[in-house]
Amino acid sequence: MTGLSSYLVLAALVFSIGLFGVLTRRNAVGILLGIELMLNAVNINLVAFARFHGDLTGLIFTLFTISITVAEVAVGLAIVIAIFRVRRTVEADRLDLLRG
Amino acid sequence: MGFLLKAPLATPRPEQAGDTTASLGRALVGPFAVTFELLGVLLVTALVGALYFARSEE
């Protein structure tokens, strides 16, 4: 039977991949995908702890987290689209001006 | 990452207590009902915000 440690290792791996993506990618969409991976690692932890402790609260928190993630991605992608319309690029290195 | 595997987390997995889906549904309309409603408001706000940011330039 798979132990709790295996889930924690999986979540740590997914989080590390997401963090690597956020730190290395220059494309704004790639950065958003990295953030998504990190949030999903948190969800894996929540579900694993909820299952192994026999508590339903972790699962409910996971549902809330997924919904908040959806909202964050919707706004984030809309901002990326708006930036692309103005600057014609979504490279994070070239977005260094706050002026529109 | 070996420290995670060696950590004393030998928690035995408890048996599933009843129908998880039904329990989740009851919890969402019971003790977490207000949070659930607030989440709906948040999603609508995010949708409106996304539409505002992504509107056409005309």
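Some points to look at:
- Within region A:24-58, the set of residues being closer than 20 Å to A:Leu13 by Cα and of a type in the set (Gly, Ala, Ser) comprises A:Gly30, A:Gly34, A:Ala41, A:Ala48, A:Ala50.
- Selection within region B:42-58 - more than 7 Å from chain A (Cβ to nearest Cβ) and farther than 18 Å from A:Val80 by Cβ: B:Val44, B:Thr45, B:Glu58
- Taking region A:82-100 as the range and being among the basic types (Lys, Arg) and modelled with pLDDT of 80 or more as the test, the residues that pass are A:Arg85, A:Arg87, A:Arg88, A:Arg94.
- Looking across region B:12-58 at every residue that is in a helix (DSSP H, G or I) and of a type in the set (Ser, Thr, Tyr), the one that is farthest from the chain's Cα centre (by Cα) is identified as B:Tyr52.
- Residues of region A:42-54 classified as at the interface with another protein chain (Cβ under 8 Å from one of its Cβ atoms) and either closer than 26 Å to A:Arg26 by Cα or among the β-branched types (Val, Ile, Thr) (or both), total: 0
One line per residue, one yes/no per condition, for (1) out of contact with any Ser or Thr (no Cβ under 7 Å at 6 or more places or on another chain); (2) facing another protein chain (nearest Cβ under 8 Å); (3) not small (Gly, Ala, Ser):
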| position | (1), (2), (3) |
| --- | --- |
| A:Ser5 | yes, yes, no |
| A:Gly21 | yes, no, no |
| A:Val73 | yes, no, yes |
| A:Arg85 | yes, yes, yes |
| A:Ala92 | yes, no, no |
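- Residue within region A:45-53 that is within 25 Å of B:Ser23 (Cα to Cα) and free of Cβ contacts under 8 Å to residues at least 12 places away in the same chain present: yes
- Verdict on A:Ala78 being under 20 Å from A:Arg94 (Cα atoms), more than 10 Å from the chain's Cα centre (by Cα) and facing chain B (nearest Cβ under 8 Å): yes
- Flag: A:Thr57 does not match the condition of being hydroxyl-bearing (Ser, Thr, Tyr), under 30 Å from B:Gly18 (Cα atoms), crowded, with 17+ Cβ neighbours inside 10 Å and within 11 Å of another protein chain (Cβ to nearest Cβ).
The values are calculated or read from the model by the stated rules, or taken from the named source; none is laboratory data. Source: prediction; values computed, not measured. No Cβ is skipped: glycine too gets one built from the backbone with ideal geometry, and neighbour counts run over all protein chains shown.
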